[in-house]
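Structure first, then comments.
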């Protein structure tokens, strides 16, 4: 640990410091020990209660029949690609539109007044309606209008419904992030001669987006799961594919497999974002022990 | 087992490095009760790190800090208990922007020291009154001038009746006119017998309040003694050079 420090002849810690280090190490070990004991106790109790409950054996057969799960997995994965594609398409559209909406709502330009007004109404309305209703209204309503040239493809209409709803959420998250950047930051940027737009682009947004990354990630994870809702229009996604299998066999393992697929995407995503955030925080702050 | 019987604060052989950079290199000094110890030195000489170490905001690599006869660098020490005896004022004020002046000042007395809201308010208002800030009690920090903000930060530290006050370049972010009002406040505290450790760039002020002046250079105390001696009759060439630079910057 103690690399020799340039400029000073090889420094050796005093006995006092050596003892402190031993004590600190002992403390760390003790904490690790306590953590281990408490984990074993808590998790062990859960496992024992679960395995000893009267219905455990039949539940294991209906929900965790792994051989069957692996057998149907390809079909569920095929459905899951729909969820992923939808997430990518909807996610990127939502990011763009949400940002646009947030910028309109936080701008003070008089020329944008009507847009600001419309943006507010948009957010109020689409944040307040359950997404399943938006999906139904658009998925069944638009084809019913029979406008020539407008698609009747449920996958596209469902995607549009998801985008409409999530744009309202994300716009509000971004707007709150923009508002938390202290006015002195704008003052400093404008004083450096940056235009209103440059100030947003280089000073305000980078800070705002960093601050709202955790809630944005929350929305992304929710989006991945909510893409499954368009199955009510007849699109076969992972949940629908699992449902079809379950209906054939009366075994619920396909649901568990679908759940695992969702987790396989969302958990790494969360960990990755956490790591990036922590790194950028460490680079910027030098605030010692607190 | 105390290092020095009369000192409120005793520091011995303090050492701290960040990576390969040695910031504190064997710092030792004593601060007797009711006295002010002032650290001068250029930026990066270790002044701020030293004060943060005294407040247990940095874990030191070696050495001992004793406060009030207790070794606060010991591993078993509860840093929250230690900080009850300390007040710290920062260069950038660090007031809480979401609380008004009164709330900033009464937060710790109520939450940490167990005062009732009424007691805490009364004490805070008395302090604000004394330092001419009574009418700012319900204002938010961003609405105050830098000098006023810093005086509020000092009051916030004082409201907890600390045994030792740590002032970390508290005037560095202020213009000369505002510097004066803040320094007047500190001088008043000095006259009342508050024990203080101060890092500053203001040589005139250092001369006025310091019972002991230390010149910090490269993480070492190169020269220490009475303020008049160190500033007017420096022995070390490094001190002389530093003072000459300060002088040419018009800050003496």
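The values are calculated or read from the model by the stated rules, or taken from the named source; none is laboratory data. If you're wondering where the values come from, they're calculated on a predicted model, not measured in any experiment. In this analysis, Cβ positions are derived from the backbone assuming ideal geometry, glycine residues included, and neighbour counts consider all displayed protein chains.
Consider segment B:85-117 and keep the residues that are within 29 Å of residue A:28 (Cα to Cα) and surrounded by 15 or more Cβ atoms within 10 Å (Cβ to Cβ). The one that is farthest from the other protein chains (Cβ to nearest Cβ) is B:85.
Report those helices (runs of 4 or more DSSP H) wholly inside segment A:194-290 carrying at least 1 residues which are over 25 Å from residue A:169 (Cβ atoms), free of Cβ contacts under 8 Å to residues at least 24 places away in the same chain and more than 14 Å from chain B (Cβ to nearest Cβ). Lay out the reasoning, then the answer.
Working: elements: A:196-199, A:205-211, A:213-226, A:238-249, A:253-284.
In segment A:194-290, A:196-199, A:238-249, A:253-284 are the helices (runs of 4 or more DSSP H) which contain 1 or more residues that are over 25 Å from residue A:169 (Cβ atoms), free of Cβ contacts under 8 Å to residues at least 24 places away in the same chain and more than 14 Å from chain B (Cβ to nearest Cβ).
Residues in segment B:124-164 that are crowded, with 17+ Cβ neighbours inside 10 Å and out of contact with any helix residue (DSSP H, G or I) (no Cβ under 7 Å at 6 or more places or on another chain): B:153, B:157, B:162, B:164.
Report, by residue number, each residue of segment B:64-81 that is surrounded by fewer than 21 Cβ atoms within 10 Å (Cβ to Cβ) and within 12 Å of chain A (Cβ to nearest Cβ).
So the first thing to find is which residues in segment B:64-81 are surrounded by fewer than 21 Cβ atoms within 10 Å (Cβ to Cβ), and the list is B:64, B:68-71, B:74-81.
Within segment B:64-81, B:64, B:71, B:74, B:75, B:76, B:77, B:79, B:80 qualify.
Scanning segment B:36-54 for residues that are within 12 Å of chain A (Cβ to nearest Cβ) and surrounded by fewer than 22 Cβ atoms within 10 Å (Cβ to Cβ) yields a count of 2. Quick one: is residue B:11 more than 18 Å from the chain's Cα centre (by Cα) and closer than 26 Å to residue A:27 by Cα? In short, no.
Please verify whether segment A:16-38 includes one or more residues that are closer than 18 Å to residue B:13 by Cβ, without any contact (Cβ under 8 Å) to a residue 24 or more places away in the chain, within 14 Å of chain B (Cβ to nearest Cβ) and loosely packed, with under 10 Cβ neighbours inside 10 Å. Reasoning before the result, please.
Looking only at segment A:16-38, we keep the residues that are closer than 18 Å to residue B:13 by Cβ, and these are A:16-21.
Still in the list and also without any contact (Cβ under 8 Å) to a residue 24 or more places away in the chain: A:16-21.
Applying the additional criterion that residues be within 14 Å of chain B (Cβ to nearest Cβ) yields A:16-21.
Restricting the remaining residues to those that are loosely packed, with under 10 Cβ neighbours inside 10 Å gives none.
Checked against the condition, which is being closer than 18 Å to residue B:13 by Cβ, without any contact (Cβ under 8 Å) to a residue 24 or more places away in the chain, within 14 Å of chain B (Cβ to nearest Cβ) and loosely packed, with under 10 Cβ neighbours inside 10 Å, segment A:16-38 yields no hits at all.
Residue by residue through segment A:114-136, note down the ones that are under 16 Å from residue A:227 (Cα atoms) and surrounded by 14 or more Cβ atoms within 10 Å (Cβ to Cβ). Walk me through how you get there before you give the answer.
Taking segment A:114-136 as the starting set, the residues that turn out to be under 16 Å from residue A:227 (Cα atoms) are A:130-136.
Across segment A:114-136, the qualifying residues are A:131, A:132, A:134, A:135, A:136.
Residue B:14 falls short on exactly one of the conditions (1) in contact (Cβ under 8 Å) with a residue 60 or more places away in the chain; (2) surrounded by 23 or more Cβ atoms within 10 Å (Cβ to Cβ); (3) more than 20 Å from residue B:226 (Cβ to Cβ), and that condition is (1). Residues that are assigned by TED's automatic domain parsing to the domain that holds residue B:32, farther than 30 Å from residue B:81 by Cβ and within 20 Å of the chain's Cα centre (by Cα) are absent from segment B:142-152 altogether.
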